[in-house]
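Everything on this sheet refers to the single structure shown next.
Each value in this text was obtained by applying a stated rule to the coordinates, not by laboratory testing. In this text the structure is predicted, and so the values were computed from the model without any measurement. Here the Cβ is made from the backbone with ideal geometry for all residues, glycine too, and neighbour counts use every protein chain on show.
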């Protein structure tokens, strides 16, 4: 059995059963091994950023990794942005990169590059296999690294000769360590602070975003008056009717500073201490006030759910809670696009148990509040700020959950970085409805220019507008086999969305904003 | 004057007058400085691989660098594949990457990454500026590094606070060192070997591909009977009527081995010693036979043109040469696509002084010979094997040479990695005609699978075919504002190509293969 077959058998034995791939010559033996070993589904992406974004979406929904298959340094490079997002989401991914045969590197042929240097910044774990007999061990360790708390990107670099040379066969899966429970002293410290005077806030992230964690946090908040927020971007959050209506920390620095200014006790439950996404001249990077007491109830690698439940019990917080939501708006909005009207359409039409991938950038900022009353759903976001996560992550989530509708809320500028993912949706007949917010601008950058204190001018006009020529997403989608239509009113959007959600296969709606 | 303005003034003073950009928040002050400093043209790419590929095409045609403007580690990562191609082409590029403010990195916010680790493998030179007062010096050195022989990618990483903090103003351009002339002993050694018995071959690359270098090499070959070849991929080669008909080294290992087997003297003129693009089981990486005498007439960083002229003079090779081409085929081919018929169409229709960017992969292999008799043109190829160079490099070449028609010969699979470049062509109204070879497969991988000794199967069928659903390039192009049509015969192609070459602005022809 050659190294390639030992690799694939090791992966399948470890429950890695989907491979998102864009291979090249140096991966030919891996492709061939996929044909000999049953149990691995192969999904092709036409650009590597699609491959890695799919693996991110899949891993977020499954809680276990997919494999990737990428080609040499440049192929890895093309996939790094969405690996960055996966790393920041702590998504388990086994990222396999083929490279030149070990003995071939010395010839410095055109595709030669330092793959390890490229991989390290976007991986929690990196290994270069040097012999075919190491591949199975290294693969078992890669799966272990990807799945071990807090999870992440394990990159395994496989020179071509490790694939075609004889190996010692596959390896059994290695034990995966569970999330450690944080020490009880942090629970006690948090309970004491919450009982004392002064405004408090609990910030939820990573494992503090599970449904059980949110419920425990809600109980604590109800019992103590503490405010509740999630991190600005969430990897995966169960939300909607029957779940606590928890808003997120604002992206805009001034809004975040204002919100956090009165907070005297800040309890971190799987979230890092809040900091501005970017630095701005004359604004602080740290978002909480001097003198705020920051209590690390649970770190990102710890079991925040268990810590929040322990905190609720320590505080004897009542187990029965309700959510006091205002009655949902009746009637479907009409007329031109507004963010509020869009939220209302979404709240009414999101199907039960759907998955929302939100990469809507400026158009997505106000969508948390109106969707508190949508049917129960999972909400996924871009966690690493690397543009282009939307379409691929939605695609991977649909591969993971074929029975759940996926709604991808996609900014037009961001969508252009990885539009090739639409073809994979058509190829795999995935139930993804993509709504493109066609404001025909990098609207976020128009705002950021003002935020850094600069004035618009000819260069910013060239660089931040997408209106000349306008992108035609209906043509783009059809070019990749995805049926599509354009909506320029809220009633048009509602009709198209409703129809698309009831049809099989992918669909795209270009919403003129 | 802040660091951003000092940067832009330094660049413009050094004749860096075009900036291909896809900026983000951390680059806002650079964008603002572009508005204050006259003389820099800004061109937007909707994905970073377009930005860097444009810079490659521009630099190849101008012989001086464009600047890029990229956003943080993930933005750089998205552009690395075409930087890899630029590095391998020795194209001068000043690759500017904005990053978080120096003091912000400690907060490890979502977009934080190790930008230097990402940049190093695909750059000849990397510098991280730490203070606003360093930016102008570092920029002047970056231009110098990009332009100094043999040229290449100089990456300058600029934390946001170096842009908005006060600087000491711009710096004057630094001296650029010319290509060193190789020592006369190599010329004498080559002359002796060529006068002796035994078959010889001269291999041309980098500066051995100029028109003067080719002519000198042709004189030498005529005088001595030596064979002449170029490297398998050329960064830029003047070709066509009135220029020597020099073929390239075959990509396929068996063909290259057969060609090189009888060669006893191999003279390298700006080319590396020939090695297989990839390793294959049971095939050598080195392509020339044991006992071949390899003479380094000029290294890739040396002046191969001067060395070849010196060699021709040393050998007293006649200055008058002719090229003995067969009479060109008359009549335009008709019927379905064949590679030979395509070559014939190209030979007849390529306009005088046009630029051809060939990224046609399998469909491009046979195009050198038939185009010996095309009107004089420059031929550009993918030099680093990083897929997706075609459309962006053609786009950048058209920005550099607005008066020269550009023909982009684009494989469909490879074209999907960077199709976003079509939008830039429409935006800038560039005269680029793209011919997409729609064979709806990764045909090269179907061949490579056989080459490594593996058999096709379900996985390779999933991973190497693009026919379900078929990509519709006419819709894709129209979606980005580029008019397009489909051709399924050679006469249809000829009609469309002829029309497109006479019209203003970009055009795309999807050729069913």
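Worth a mention:
- Shortest-first nm distances, residue A:488 label point to equivalent points in other copies (7 Å, Cα→Cβ): 3.4
- Inter-copy label distances at residue A:175, shortest first and taken from points set 7 Å along Cα to Cβ: 6.7 nm.
- A full extension of the chain between residue B:176 and residue B:488 corresponds to an added length of 107.3 nm, given 0.36 nm per residue minus the alpha carbon distance.
- Angle in degrees between helix A:132-147 and the longest Cα principal axis of chain A, rounded to the nearest 10: 10 degrees
- Summarising the label geometry, the points placed 7 Å from Cα in the beta-carbon direction at residue B:106 and residue A:501 lie 4.8 nm from one another.
- Legend: Rg and Dmax of chain B, from Cα coordinates, 23.5, 70 Å.
- Residue by residue along B:462-468, Cβ atoms of other protein chains within 10 Å of the local Cβ number 5 on average.
- Whole-percent pair-distance distribution, where bins are 5 Å wide, for the alpha carbons of region A:1-136: 2, 11, 21, 24, 22, 14, 5, 1, 0
- Between region B:400-453 and region B:101-161, the Cα center-to-center distance that results, in Å: 31 Å
- Taking every DSSP bridge with both residues inside the protein assembly as shown, close to 10 percent are antiparallel.
- Cα→Cβ-extended label distance, 7 Å offset, between residue B:322 and residue A:338, nm: 8.2 nm
- Counting only other chain Cβ atoms within 10 Å of each residue's Cβ, the peptide B:279-286 averages 5.
- Counting only alpha carbon atoms, the long axis of helix B:304-314 and the longest principal axis of chain B meet at about 30°.
- Shape of region A:301-406, Cα gyration tensor, a/c cut at 1.5: oblate
- Relative contact order (percent, whole number), chain B, Cα cutoff 8 Å, 6+ residue spacing: 14 percent
- Summarising the strand pairing of chain A, around 10 percent of its internal DSSP beta bridges are antiparallel.
- Rounded to 0.05, the FRET efficiency of the residue B:195 and residue B:369 pair, given R0 = 35 Å and the Cβ-Cβ distance, is 0.75.
- Label points for residue A:353 are taken 7 Å from Cα along Cα→Cβ. From this copy to the others they lie 6.8 nm apart, shortest first.
- Degrees, to the nearest 10: B:72-89 long Cα axis against longest axis of chain B: 30 degrees
- Between residue A:282 and residue A:261, the FRET efficiency estimated from the beta carbon spacing at R0 = 22 angstrom works out to 0.85.
- Descending semi-axes in Å of the protein assembly as shown, equivalent ellipsoid built from Cα gyration tensor: 51, 30, 28
- Taking the fewest neighbouring Cβ atoms within 10 Å as the starting point, the ordered list for B:64, B:429 is B:429, B:64.
- For region A:75-143: rounded, prolate or oblate by the Cα gyration tensor [a/c cutoff 1.5]: oblate
- Simple label model, 7 Å out from Cα along Cβ direction - residue B:289 to residue A:41, nm: 5.4 nm
- Per-residue average of Cβ from other chains inside 10 Å of A:479-488: 3
- Sum of -39500 (n - 2.57) over DSSP H runs of 4+, divided by residues of chain A (222 nm, nearest 500): -11000 deg cm²/dmol
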